[in-house]
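The values are calculated or read from the model by the stated rules, or taken from the named source; none is laboratory data. From a predicted model like this one, the values you see are computed outputs, not experimental measurements. Heads up, the Cβs are rebuilt from the backbone with ideal geometry, glycines too, and the neighbour counts pull from every protein chain shown. Just so you know, the surface numbers come from the protein's heavy atoms only, side chains and all, with ligands and any DNA or RNA stripped out. Shrake-Rupley method; radii C 1.70, N 1.55, O 1.52, S 1.80 Å.
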Amino acid sequence: MNILESFIIQEKDELLRRVPKIPSHFNNGSITSAAFKPKPNEDGLSVDLLRLTTIDFFINDPNKYLAAEIIAGDAIKEGCECIHDPLPDNHAHALIKGITKQIARKLSAICKVIDLV
Amino acid sequence: MKLENKLHGLKKSRDENSLIKDLINRIEEFKNLDSNWDTYNADKISPDSITNARQIVKIFGTNNIIFDCAFPMRDGGVQLEINSKDFNIEIEVNPDTEIKLLVFNKVNNLILEKDFKMLNLDNLIARVHEYFGEFHYSGKG
């Protein structure tokens, strides 16, 4: 049982995914879908709920990483489930469940890129 | 005029060779990624995926198909991409040596998903040619 307080993710919530800068994950101005494809053994795509963290804390090292911001409603509209999944060392952790290859492609095309450098 | 055409052909050919070489070098550098390279427990890129992806880039190049870019995949594979106005193609070179062709239309709906083996690359090339014609060169550096 998870003893951490759990939040319901709203459609307007912003979900953050860290993306390495090296090697570059951009093709023609968009982040590659490869960054949004869960591994076969994963329960969903790990993200952080922005209202429970800050961009600076999330990115941690802006020389190495940028953030891809996904609006929860965009993932839900594609049939995904977004759930808060707090971890002992990361209360903002959440999962986007049900990402297919098509959804990964669509999310990569519409996500907002946040680069602090 | 003929000379100009010849010179243009030579220049384009040199550009293509340069793009292929750059892409192969980029794929080679995926070897340097340690496990967890994305901070989300990504696998180390498999040597087989790197070898096969390099071979695909070379063979497609000799068939006039130049990939736009290559990316490491979280499961240890390599993803090759071609984008055009009407279609976008992803080729997943998986660690288990399976190759998956994904074709998306211009609004990123998946319109074809098909598995191939390294032994039948000719079939893969033929399927890609169906979407991009006999020649694809993005002209991007």
Starting from the Cα coordinates of region B:14-131, work out the convex hull volume and express it per residue in Å³.
104
With contacts defined as alpha carbon pairs under 8 Å and 6 or more residues apart, what's the relative contact order of region A:14-114 in percent?
38
How far apart, in nm, are the 7 Å Cα→Cβ label points at B:Lys21 and A:Asn41?
4.1
Give the accessible area for A:Val113 in Å² (nearest 10); use a 1.4 Å probe, count only protein heavy atoms, and leave out ligands, DNA and RNA.
60
Descending semi-axes in Å of chain A, equivalent ellipsoid built from Cα gyration tensor
21, 18, 13
Holding the Cα-Cα limit at 22 Å, pick out from A:Lys106/B:Lys100; A:Lys39/A:Lys101; B:Lys44/B:Lys106; A:Lys21/B:Lys117; A:Lys64/A:Lys112; A:Lys21/A:Lys97 the pairs that are longer than that.
B:Lys44/B:Lys106; A:Lys21/B:Lys117; A:Lys21/A:Lys97
Can you list the trypsin sites (Lys or Arg not before Pro) in region B:37-117 that are in a DSSP coil and have 12 or fewer other beta carbons within 10 angstrom?
B:Lys85, B:Lys106
For peptide B:68-76, what's the mean number of Cβ atoms from other chains within 10 Å of each residue's Cβ?
6
Taking Cα pairs under 8 Å and at least six residues apart, what relative contact order does region A:1-71 come out at, in percent?
51
Residue-averaged beta-carbon neighbours from other chains (10 angstrom radius) around A:20-33:
5
Expected output for region B:31-62, residues with a loss of 30 Å² or more in accessible area relative to the chain alone at probe 1.4 Å, reads B:Trp37, B:Thr39, B:Tyr40
Can you tell me the length gained on complete extension of the stretch A:Ser30 to A:Asp56, counting 0.36 nm per residue apart and subtracting the Cα distance?
7.2 nm
Using only the heavy atoms of the protein chains and a 1.4 Å probe, how would A:Leu87, B:Leu23 rank by accessible area, largest first?
A:Leu87, B:Leu23
Taking r as the C-beta separation of B:Lys106 and A:Ser6 and R0 as 30 Å, the FRET efficiency to the nearest 0.05 is 0.15
Percent of all alpha-carbon pairs of the protein assembly as shown at distances over 34 Å, whole number, is 21
How big is the accessible area of A:Asp13 in square angstrom, nearest 10, if you roll a 1.4 angstrom probe over the protein chains?
10
Averaged over its residues, how many other protein chain Cβ atoms are within 10 Å of peptide B:87-96's Cβ atoms?
2
Summed residue charge, Cβ within 12 Å of A:Ser30's Cβ, Lys/Arg positive, Asp/Glu negative:
+1
If one computes the Cα centroid of region A:71-109 and of region B:19-52, what distance in Å separates the two points?
25
For region B:44-91, what is the convex hull (Cα atoms) projected area averaged across all directions, in square nanometres?
3.4
